[in-house]
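These notes are about the structure you will find just below.
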Amino acid sequence: MHHIGFLGWQLPVPLADTIACIIAVIAALAVHWLVYAVLRRLVRRSSTSSDDIVLSQAWHPLRWICVALALALVRLHLHLVGEADAAWRQGAGLLLPAMLGWLAIAMLRAMQRIVEIRTDITVADNLAARRRRTRSAILGRIAIFLVAFVTICLMLLSIPAVRAVGVTLMASAGLAGLAVGAAAQPALKNLIAGIQMAFTEPIRIDDVVIVENEWGRIEEIRLTYVVVKIWDERRLIVPVSRFLEQPFENWTRANSQLLGTSFFYLDPTADLVRLRTKFEETVKADPRWDGRVMTLAVTDIREQVIEVRALVSAADSGRQFDLRTAIREKLLAFIRDEMPEALPRRRAELVPHPAG
């Protein structure tokens, strides 16, 4: 076995190479720790949290990239020949694209997280924030998918056997493309619909929608499906293409303001002026009313009753629902206690029987 001088000792070549690699890894980890310690101190002085997010996301991928760079530098001084050299090159061809792809995906996730922090959707007027967050979520997932796809392709192309097979398959790419396209048609359809949704914005995060006769809010928008949080805490999973191909209700498309109705069926002789006064008093006293719309009107006349519609406005769907139920309960109690004559009654005409 050949020996070489290493720090004054004569060591076998494999042992010397191993020690050199270990020293390079330890040095890389030490440099990485030192640089990050300095960066953390600088970040603490910053008034924003964006740099904290970027630093935390880049911590792990950059650590292993530093190790890979150290091993690449020490490779010049190793004594690798034959199969060992080929294995080293193959490993480097697989790991380098993987780590760069890992770093790119980490940065994309950091950007998404920064957008989420800067766009507060809990405020009353959150249309612009929901638009930015939705676009960031969709485009971010598409970018992550593309980075992962390119990374895997680069890793596979570094394998000579796979690269040779890929060149051979180019001749039959037409048939293969048709077969793959037919098999993946639903997934590709929803993926393309997701890209289209990012720019046309039929829905956004936290939009109030009615889909499949269910009322809920858009909780997540994935590449191929949308998660709708239904009012009773269930989740409705809907393909992305559903929102581009079929009708659905979006209650917060332009803004969150909504009108709500409550219907009452009363006797035709009901004193509507008195009832309207009580209605307006009730609505004005409720903090959920936004001050825009408040009307009480007869909207239909039937054989035994009249239909009275109470129309009110609120800032969003939640307040609107609560306001409608409160008005309905208070007016019903008022009619029962103060205007019982307004309750529906059936009438019959008594015709005297002629004396025989």
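Does A28 qualify as being assigned to a helix (DSSP H, G or I) and in contact with a Lys or Arg (Cβ under 9 Å, 6 or more places away or on another chain)?
yes
Looking for something among the polar types (S, T, N, Q), at pLDDT 70 or above and not in a strand (DSSP E or B) - is there at least one such residue anywhere in the range 163-174?
No - not one qualifying residue is present in the range 163-174.
Does the range 246-259 include one or more residues that are without any contact (Cβ under 8 Å) to a residue 12 or more places away in the chain, part of a helix (DSSP H, G or I) and of a type outside the set (G, A, S)?
no
Among the candidates Q90, Q57, which residue alone is part of a helix (DSSP H, G or I), more than 29 Å from N250 (Cβ to Cβ) and either at pLDDT below 80 or assigned by TED's automatic domain parsing to the domain that holds S317 (or both)?
When all the criteria are applied, what remains is Q90.
May I ask you to list pairs of residues, at least six apart or on different chains, whose Cβ atoms are under 9 Å apart, with the first in the range 17-40 being within 10 Å of R63 (Cβ to Cβ) and in the same structural domain as R75 (by TED's automatic domain parsing) and the second being at pLDDT 90 or above and assigned to a helix (DSSP H, G or I)?
none
Please state which of the following conditions I237 fails to meet, knowing it meets all the rest: (1) surrounded by 13 or more Cβ atoms within 10 Å (Cβ to Cβ); (2) of a type in the set (A, V, I, L, M); (3) over 30 Å from T299 (Cα atoms).
(1)
So, T224, is that one modelled with pLDDT under 90, β-branched (V, I, T), on the phi < 0 side of the Ramachandran plot and surrounded by fewer than 14 Cβ atoms within 10 Å (Cβ to Cβ) or not?
no
Using the structure shown, decide if E233 is modelled with pLDDT of 85 or more, in a loop (DSSP other than H, G, I, E, B) and closer than 19 Å to G318 by Cα.
The answer is yes for E233.
Contact list please: Cβ distance under 6 Å, first residue in the range 220-236 and closer than 14 Å to V208 by Cα, second residue part of a strand (DSSP E or B) and among the aromatic types (F, W, Y), pairs at least six apart or on different chains.
Listed by first residue and then by second, the contacts come to W231/W215.
Of all residues in the range 318-340, which are out of contact with any helix residue (DSSP H, G or I) (no Cβ under 9 Å at 6 or more places or on another chain) and surrounded by fewer than 19 Cβ atoms within 10 Å (Cβ to Cβ)?
If the condition is that a residue be out of contact with any helix residue (DSSP H, G or I) (no Cβ under 9 Å at 6 or more places or on another chain) and surrounded by fewer than 19 Cβ atoms within 10 Å (Cβ to Cβ), then G318, F321, D322, T325, R328, E329, L332, A333, R336, D337, P340 are the ones that fit.
Can you find a residue that is assigned to a loop (DSSP other than H, G, I, E, B) and out of contact with any Lys or Arg (no Cβ under 7 Å at 6 or more places or on another chain) anywhere in the range 310-324?
yes
Out of all the residues in the range 42-54, which are closer than 24 Å to W102 by Cβ, of a type in the set (V, I, T) and not in a helix (DSSP H, G or I)?
Correct list: empty.
Sort out which residues of the range 260-274 are assigned to a loop (DSSP other than H, G, I, E, B) and either farther than 20 Å from R302 by Cα or of a type in the set (S, T, Y) (or both), and write them in order of number.
Passing the criteria: only T269.
Taking the range 276-295 only, how many residues are part of a strand (DSSP E or B) and of a type in the set (A, V, I, L, M, F, W, C)?
Selection size over the range 276-295: 3.
The values are calculated or read from the model by the stated rules, or taken from the named source; none is laboratory data. Everything numeric in this text was worked out from a predicted model, so none of it was measured. All Cβ positions, even for glycine, are placed from backbone atoms using ideal geometry, and neighbour counts span all protein chains on display.
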